[in-house]
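Student: The structure's right below; bear with me while I get my questions together.
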Amino acid sequence: MGAVLVRSAFSANIKERRDCSTALFDAGGRMIAQAEHIPVHLGAMPDAVAAVRRHDPQPGESWILNDPYAGGTHLPDVTLVSRTAVGFAVTRAHHADVGGREPGSMPADSRSLEEEGVVIPPTRLTDDVLATLVAQMRNPEERRGDLRAQLAAHRLAERRVGELCERRRRDAVVAAMDELYTYSERAVRAAISKLPNGCWAAADVLETPNGPLTIRALATIADDEIEIDFAGTDPQHDGNLNCPLSVTRSACFFVVRCVTDPDVPASGGAFAPVTVRAPEGSLVNARPPAAVAAGNVETSCRIVDVVFAALGQAIDVPAQGQGTMNNVTFGNDRFTYYETIGGGQGACRDADGPSGVHVTMSNTLSTPAEALELAYPLRVRRHALRLGSGGDGVHRGGDGVVRELEALEPCRLSIVSERRARAPSGAKGGADGAPGRNLLNGRELPAKVTVDVSAGDVIAIETPGGGGFGAA
């Protein structure tokens, strides 16, 4: 499914960066198998399937949604759900534009969901619905092409699952799906039971023009279960760093898999031993119509950092990585382009941190310079490691990245980033990584900004380095 989606997509964001995810569910709405795609997408998918199941979808139908308060993440992530012979197929892809007041649908300063784009509740996807939706988005033919690529992945899933049932018998396939789910649960429970029992608390902050927002987490390990409670986290705010609960769960699931059994088959069973609690109306369980564009990409990263910091008081975890996705969006009425940029990963007890990689909740590639310059009025002036930005230590943190892009025609620029004021922390005496910087023609920009740029303007993003591990 993932291969079909990537190979048939139109936008660089999906076909080059692979900002998309695919999964199979059983008839009860449990996630059975997922491709190795985007962590923040995959942990939130079960909520999307649950939202569609409430509408009793029938074989042959495809359903579409992007509503963050109905199992979505943020509006550009469009989810499709269809029936298979034994359950459901799901795709989720980040579309380069879904309408809203800014090209690319990732404004730095949105205050409500409607400012960020078209809100799609669970809806049966017909030709008329598809035409109505893409007409509200920029570059409608590219949007139509990407949605058709998602539909192609669903047709493949339906056919392949049907062939599997014919070859192995439907009852055997259902039994195998159930066993895969329960095997993942058993493996993660067994790994949790080897961890020390106890409760550990941690806190960290997000950067806003009006001051920091605090996320607090209490992680409790009890025998073969983990509970993560976000009581004390700041209330939702009037910007777009708010998270729907599905994204918060997704970040917690990611951390638990990292510290237990990272190689266990990726099914919903791996998440069954994890309970996530978050006060309604808080930054990590926002109520509609709060804006969420940055919550999915930036707040999710900070949730990972906080939960790692809590569990790190009981077990070994790496130093902090860059803690941001460095979201950059260019666009006007003619084109929209979106990318995230890698940085430094934190070092751990027995190894240096990798350099120039996507950290925590992102798992995309970089758009190749050749593909970017062929398709968009942009030029890659520089793409290099930010040498020396990783924190010193017995093991050094990974270095960040320097990426310079020149606009070749007037357009709008939006940057949504973090770790510009507060550096990624080292661990066990290791030094902090360098914080990131955003520059326009050499002039420093805030961590989050939407501005006009002219032809010839050069935007430079210097991403954070990872923290070092151990006193050098």
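The values are calculated or read from the model by the stated rules, or taken from the named source; none is laboratory data. Remember, it's a predicted structure, so these values are computed and weren't measured experimentally. For neighbour counting, all protein chains shown are included, and Cβ atoms are generated from backbone atoms with ideal geometry for every residue, glycine included. The protein model used for the area step is the full one, side chains on, heavy atoms only, and it has no ligands, DNA or RNA in it. Shrake-Rupley method; radii C 1.70, N 1.55, O 1.52, S 1.80 Å.
Student: Do you know which of the residues in region 118-140 that are outside any helix (DSSP H, G or I) and hydrophobic (A, V, I, L, M, F, W, C) is nearest to G104 (Cα to Cα)?
Tutor: M137
Let's see how each residue does on (1) buried (at least 16 other Cβ atoms within 10 Å of the Cβ); (2) touching a Leu at 6+ places or on another chain (Cβ under 6 Å); (3) polar (S, T, N, Q); (4) part of a loop (DSSP other than H, G, I, E, B):
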| residue | (1), (2), (3), (4) |
| --- | --- |
| G430 | yes, no, no, yes |
| G433 | yes, no, no, yes |
| D452 | no, no, no, no |
| A460 | yes, yes, no, no |
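Student: While we're on this one: Here's a check for you: in region 137-156, which residue that is under 23 Å from the mean Cα position of the chain (by Cα) and among the charged types (D, E, K, R) is most open to solvent (accessible area, probe 1.4 Å)?
Tutor: R148
Student: Here's something else I'd like to know. Within region 368-382, is even one residue in contact (Cβ under 8 Å) with a residue 24 or more places away in the chain, in a loop (DSSP other than H, G, I, E, B) and among the aliphatic types (A, V, I, L, M)?
Tutor: Scanning region 368-382 turns up no residue that is in contact (Cβ under 8 Å) with a residue 24 or more places away in the chain, in a loop (DSSP other than H, G, I, E, B) and among the aliphatic types (A, V, I, L, M).
Student: Filter region 64-74 down to the residues that are farther than 15 Å from D146 by Cα and not charged (D, E, K, R), then identify the one that is most open to solvent (accessible area, probe 1.4 Å).
Tutor: Y69
Student: I need the full set of residues from region 258-280 which are in a loop (DSSP other than H, G, I, E, B), open to solvent by 10 Å² or more (accessible area, probe 1.4 Å) and farther than 19 Å from D223 by Cβ, in order please.
Tutor: P262, D263, P265, A266, A278, P279, E280
Student: Would it be correct to say that G397 is over 24 Å from T208 (Cβ atoms) and open to solvent by less than 20 Å² (accessible area, probe 1.4 Å)?
Tutor: When the stated conditions are applied, G397 passes them.
Student: Moving on. Which condition number in (1) over 25 Å from G239 (Cα atoms); (2) out of contact with any His (no Cβ under 9 Å at 6 or more places or on another chain) is the one that A347 fails?
Tutor: It is condition (2) that A347 fails.
Student: Turning to a different aspect of this structure: Just one of R379, R349, R422 is over 23 Å from the mean Cα position of the chain (by Cα), under 24 Å from V317 (Cβ atoms) and of a type in the set (D, E, K, R); which is it?
Tutor: Values: R379 fails: under 24 Å from V317 (Cβ atoms); R422 fails: over 23 Å from the mean Cα position of the chain (by Cα).
Answer to the check: R349.
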